[in-house]
Amino acid sequence: MQLTNRSKVVSKKEMTFAEKLYFPAILGGMGITLKHFFKKPVTVSYPEVKRDIAGVFRGQHTLKRDEKGAERCTACGLCAVACPAEAITMTAAERKKGEESLYREEKYAAVYEINMLRCIFCGLCEEACPKEAIFLTDRIVPSNFERDGFIYGKDKLVEGMNENRVDVTKRQTEEVNEFKKDKHYAHNK
Ligand code: SF4
Ligand code: SF4
């Protein structure tokens, strides 16, 4: 029974003498290779040369700080629940007196990890976050020889201070901001 109309009947006909010599096929293959010598290469010498990528490219995540430098993440876990790859894990902790400048809310993520080998860079964590705390960026996750090296903790995820902040304004397009103003979805503060 045919499941689609794209199936082809494979013929097992005897090879001709010329085909058995293989030379015509080898010469044909070399001809194709030679043709590509004169074409503009489509490859780039990464990492020396990098392709332009869109500002909304979904690459390595960043955990944002607020305008005063306090971590925005409140360890609510919504990003982890939204993640289809189960790549995010965290441990919540309670903010102590005197830590107001470090953490924006009374609860914060003492541990926050993303397994970059599991992540499919779908961006659902960014969409689910009610605190504008997690964003994907245009940075590419570098290669690593060790699997452990792909578990990104807060040391790699939380953005730096002052000039080391990660600019995510390109992701906050007019449409995105309009969407967040909608009362029905207005959970982002
Ligand atoms: S980008 Fe998608 S897969 Fe990756 S951590 Fe976020 S929700 Fe999970
Ligand atoms: S959804 Fe946002 S605030 Fe909640 S744990 Fe994830 S990054 Fe933190």
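Rule-based calculations on the coordinates, nothing more; no lab input. None of these values were measured; they are calculated from a predicted model. With ideal geometry, Cβ positions are generated from the backbone for all residues, glycine too; neighbour counts draw on all protein chains shown.
For a 4.7 Å threshold on C-beta separation, the list of partnerless cysteines in the chain reads CYS73, CYS76, CYS83, CYS119, CYS122, CYS129. Helix 23-37 against the longest principal axis of the chain: what's the angle in degrees, Cα atoms only, rounded to the nearest 10? With rounding to tens, the tilt is 40 degrees. Under the shape rule built on the C-alpha gyration tensor, where the axes satisfy a ≥ b ≥ c, the stretch 1-46 is oblate, since a/c reaches at least 1.5 while a/b does not exceed b/c.
Once the chain from LYS180 to GLU67 is taken as fully extended at 0.36 nm per residue, the excess over their C-alpha distance is 38.7 nm. For the stretch 61-181, the relative contact order works out to 31 percent when only alpha carbon pairs closer than 8 Å and six or more residues apart are counted. Within the listed set ALA18, ALA110, ALA87, the Gaussian network model of the chain (springs between alpha-carbon atoms below 10 Å) gives the highest mean-square fluctuation for ALA18. Each Lys and Arg Cβ is given +1 and each Asp and Glu Cβ -1; about its Cα centre, the stretch 61-181 then shows a dipole of about 160 debye.
Size of the stretch 98-138 from its Cα atoms: along the principal axes, largest to smallest, the extents are 38, 18, 18 Å. In this structure the amide hydrogen of ILE134, modeled in the peptide plane, comes within under 5 Å of the amide hydrogens of LYS64, none closer than 5 places in sequence on its chain. Computed from label points 7 Å out along Cα-Cβ, the spacing between ASN164 and GLU146 is 2.1 nm. According to the Cα-based calculation, Rg over Rh for the stretch 1-107 is 1.35, with Rh computed by the Kirkwood formula.
Average the reciprocal distances over every distinct pair of alpha-carbons in the chain, invert the result, and give the Kirkwood radius in Å. Result for the chain, one decimal place: 20.9 Å.
Annotation for the stretch 106-184: GluC sites (Glu not before Pro) lying in DSSP loop with at most 15 further Cβ atoms inside 10 Å of their Cβ are GLU106, GLU146.
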